[in-house]
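The values are calculated or read from the model by the stated rules, or taken from the named source; none is laboratory data. Computed from a predicted model, the values in this text were never measured in an experiment. Quick reminder, even Gly has a Cβ in these numbers, built from the backbone with ideal geometry, and neighbours come from all protein chains shown.
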Amino acid sequence: MARNKPRKTAKGSTGKNKNLSQDYMAKYGNKAGVLETNSGLMYRIIDDAEGASPTEFDKVKLHQRIWLADGSVIDDTYKSGFAEEFSVSEAIEGLQEGLQMMPLGARYEFVIPAELAWGRKGNGSKIGPNAVMIMDVRLLEIR
């Protein structure tokens, strides 16, 4: 007799994530030093720097800590010690926008609304539908 494997579902329900995300963004927007772009991307400069910023055609190397509004950590290269490398154009829309604002050596915190991240579908079991993503990013290299 065949067994049915349990189906992996994305973290959180659509409605719960949407409400949690909206609450998180409203509170975050009231913090000192928080800026917001026309697209809805919110950010705060942790460590500023002067220098070149990447374009959508560049590759970047960075440290990042990614978590959700419920506090669950998705990835933390600061902790692992292994920086991420990828093309800016491969990143989710909100991170693409944020990276292109960052000068080399800077550290920013981004709050990326669901529509600039994984949207209504989410991304597998780690990021549910309508989930806001929070990212702490330090830009190490531009190639």
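Of the residues making up the range 65-76, those that are touching a Lys or Arg at 6+ places or on another chain (Cβ under 8 Å) and buried (at least 16 other Cβ atoms within 10 Å of the Cβ) are 65, 68, 74. When each of 3, 65 is tested for being basic (Lys, Arg) and modelled with pLDDT of 95 or more, the lone residue that passes is 65. Annotation: of all residues in the range 42-69 being in a loop (DSSP other than H, G, I, E, B) and in contact with a helix residue (DSSP H, G or I) (Cβ under 6 Å, 6 or more places away or on another chain), the one that is nearest to residue 18 (Cα to Cα) is 69. In the range 29-43 there is at least one residue matching the filter, namely being within 26 Å of residue 100 (Cβ to Cβ), acidic (Asp, Glu), modelled with pLDDT of 95 or more and surrounded by 13 or more Cβ atoms within 10 Å (Cβ to Cβ). Of the residues making up the range 86-134, those that are among the small types (Gly, Ala, Ser) and under 13 Å from residue 18 (Cβ atoms) number 6. Only residues that are surrounded by fewer than 22 Cβ atoms within 10 Å (Cβ to Cβ) and either aromatic (Phe, Trp, Tyr) or in contact with a helix residue (DSSP H, G or I) (Cβ under 8 Å, 6 or more places away or on another chain) (or both) were counted in the range 94-107, giving 3. For the structure I just gave you, tell me whether residue 130 is polar (S, T, N, Q) and crowded, with 19+ Cβ neighbours inside 10 Å. When the stated conditions are applied, residue 130 passes them.
Figure legend. Inter-residue proximity from the range 40-55: first residues at negative phi, second residues surrounded by 12 or more Cβ atoms within 10 Å (Cβ to Cβ) and among the basic types (Lys, Arg), beta-carbon distance below 6 Å, spacing 6+ or different chains. Indicated pairs: 46/107; 47/107. Within the bounds of the range 17-35, is there any residue that is in contact with a Pro (Cβ under 9 Å, 6 or more places away or on another chain), among the hydroxyl-bearing types (Ser, Thr, Tyr) and not in a loop (DSSP other than H, G, I, E, B)? Within the range 17-35, one or more residues are in contact with a Pro (Cβ under 9 Å, 6 or more places away or on another chain), among the hydroxyl-bearing types (Ser, Thr, Tyr) and not in a loop (DSSP other than H, G, I, E, B).
Scanning the range 77-92 for residues that are surrounded by 15 or more Cβ atoms within 10 Å (Cβ to Cβ), over 19 Å from residue 49 (Cβ atoms) and touching a residue at least 24 places away in the same chain (Cβ under 8 Å) yields a total of 1.
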